[in-house]
Structure formats: C-alpha cells, structure tokens
Amino acid sequence: MPQVAKVFVVLAPEDARFAEEDWSAFEGRLEPLYCGGRSRRESVYNGLVASRDGWDADDWVLVHDAARPCLPPEDLNALLAEGASDEVGAILAVPVAETVKKAAKDEAGGHRIAFTEDRAQLWLAQTPQMFRAGLLAQALRRARGPVTDESSALEQMGLKPRLVVGSRENIKVTWPEDLAIAASILGRRA
C-alpha cells in the first residue's frame, strides 16, 4: 500500500527463515527486527523501541498480526481514513453475529451456560490497529495485566479507540481448519 512508508517485521531473535526469502520487491520498505518477546505486548513494544529512529511520536503506526494473512485492501483503506481522523486511533473490528454464551464450570468439571451476553454491544477485534507511535509505546510500557491487543493497553489509560468496520475475510488463522479458509480466500483473490 503506498500510504504505508515502512514495514517493520518483528521476529524472534533466533529466527532464520525470514532471511531465506527474497524480499527485494519491497525496495527497502521492509525491515526485519529480531527482537520479538514472549507475548504480543512485549513483541510490539520491543519493535517500537528497536525502530525508534524510524518514527516520530506523532506518526501513525499500524500493528498487524501475521496470523491475519487475508486483510482486504479496502479494510486497510477504511482504517487509514477513519483512524487518521480520530485523536486516539482506531482498530478494525466486526460486530458479533452469533449468540454469545458466558460459561461456568459445573461440579463435574464440565461447562454450563451461566448467561447469554448482549451481542449488540460486542465486537471482534482485528488487526491492523492504528495509533500514534509515541502514545502506543507509552501505553504498552505502562500496561498491567492481560494485554491481548494494542487497544487494550490504550484502554487501560482511559482512552477509547474508534471501531472501524472490517471484513469477515480478515480471519485470524488459529485453528487447523482456518488454513483451508485462508487458502480459499487468497485463492479467490489471485
């Protein structure tokens, strides 16, 4: 995407596979950073620190999860347009379509329905997530407890990022069957 000036790829310090690929088509816009941590939060924070000379505090930074290989360009364009107009930043997300049940364990260790959530207020967070680089670094440095995405670190500071409607094609490859779904989406685009 022409709007993205540079891509920093945060990798495990011992990663050897990335260097085996030919990335020359990206003409210096792609920079590997071998500073990944034990958690997403740690990896993103380490990446911001390692790339500090490549951004100013007010620059927008987008954090994307490599487990989401099917990001539609139109979703990224929507995030860039809507996120840049928000002082806090924004994330891609989709409203929950299914009925959501809260579970509790019973005496035998099985799961039982505790109650049904109001899905009208529930969204599934996706990536990329877009924030000012300095603010994101500060939020990740200060964050306590579980930080499963960048937005949750900013939320701990009392900030409320914007939700930008994404696509259900922007799946996260988590389960074995997700590989076939991703292959189908990418094959259809080719």
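The values are calculated or read from the model by the stated rules, or taken from the named source; none is laboratory data. These numbers come from a predicted model, not from an experiment. No Cβ is skipped: glycine too gets one built from the backbone with ideal geometry, and neighbour counts run over all protein chains shown. Each accessible area value is taken on the protein alone, full model and side chains, heavy atoms only, with ligands, DNA and RNA left out. Shrake-Rupley method; radii C 1.70, N 1.55, O 1.52, S 1.80 Å.
I need the full set of residues from region 121-144 which are within 21 Å of Ala93 (Cβ to Cβ), open to solvent by 50 Å² or more (accessible area, probe 1.4 Å) and free of Cβ contacts under 8 Å to residues at least 24 places away in the same chain, in order please.
Gln121
Quick one: would you say Trp60 is of a type in the set (Phe, Trp, Tyr) and in contact with a Phe, Trp or Tyr (Cβ under 8 Å, 6 or more places away or on another chain)?
So Trp60 fits the description; yes.
Among the residues of region 1-27, write down those that are among the aliphatic types (A, V, I, L, M) and part of a strand (DSSP E or B).
Taking region 1-27 as the starting set, the residues that turn out to be among the aliphatic types (A, V, I, L, M) are 1, 4-5, 7, 9-12, 16, 19, 25.
Matches in region 1-27: Val7, Val9, Val10.
Restricting to region 67-93, count the residues that are open to solvent by less than 40 Å² (accessible area, probe 1.4 Å), over 10 Å from Glu169 (Cβ atoms) and either hydrophobic (A, V, I, L, M, F, W, C) or in contact with an Asp or Glu (Cβ under 6 Å, 6 or more places away or on another chain) (or both).
Counting residues in region 67-93 that are open to solvent by less than 40 Å² (accessible area, probe 1.4 Å), over 10 Å from Glu169 (Cβ atoms) and either hydrophobic (A, V, I, L, M, F, W, C) or in contact with an Asp or Glu (Cβ under 6 Å, 6 or more places away or on another chain) (or both) gives 10.
Out of region 165-180, which residues are in contact with an Asp or Glu (Cβ under 9 Å, 6 or more places away or on another chain) and farther than 20 Å from Leu76 by Cβ? Before the answer, list the steps.
Here is the first cut: in region 165-180, the ones in contact with an Asp or Glu (Cβ under 9 Å, 6 or more places away or on another chain) are 165-167, 169-172.
None - no residue of region 165-180 is in contact with an Asp or Glu (Cβ under 9 Å, 6 or more places away or on another chain) and farther than 20 Å from Leu76 by Cβ, so the list stays empty.
Working only within region 148-180, note down all residues that are more than 15 Å from Val94 (Cβ to Cβ), open to solvent by less than 80 Å² (accessible area, probe 1.4 Å) and out of contact with any Leu (no Cβ under 9 Å at 6 or more places or on another chain).
Answer for region 148-180, where residues must be more than 15 Å from Val94 (Cβ to Cβ), open to solvent by less than 80 Å² (accessible area, probe 1.4 Å) and out of contact with any Leu (no Cβ under 9 Å at 6 or more places or on another chain): Ser152, Gly158, Thr174, Asp178, Ala180.
If you take the residues in region 28-64 that are touching a helix residue (DSSP H, G or I) at 6+ places or on another chain (Cβ under 7 Å), aliphatic (A, V, I, L, M) and open to solvent by 30 Å² or more (accessible area, probe 1.4 Å), which one is nearest to Ile91 (Cα to Cα)?
Val61
What is the one condition in (1) assigned to a loop (DSSP other than H, G, I, E, B); (2) within 14 Å of Ala67 (Cβ to Cβ) that Val147 does not satisfy?
Just one mismatch for Val147, condition (2).
Kindly indicate which of Leu71, Leu62, Leu76 is touching a Pro at 6+ places or on another chain (Cβ under 6 Å) and not charged (D, E, K, R). First the steps, then the outcome.
Details: Leu71 fails: touching a Pro at 6+ places or on another chain (Cβ under 6 Å); Leu76 fails: touching a Pro at 6+ places or on another chain (Cβ under 6 Å).
Matching residue, one of Leu71, Leu62, Leu76: Leu62.
Specify which of the listed residues (Ser51, Ser24) is within 23 Å of Ala190 (Cβ to Cβ) and among the hydroxyl-bearing types (Ser, Thr, Tyr).
Working: Ser51 fails: within 23 Å of Ala190 (Cβ to Cβ).
Going through Ser51, Ser24 in turn, the sole match is Ser24.
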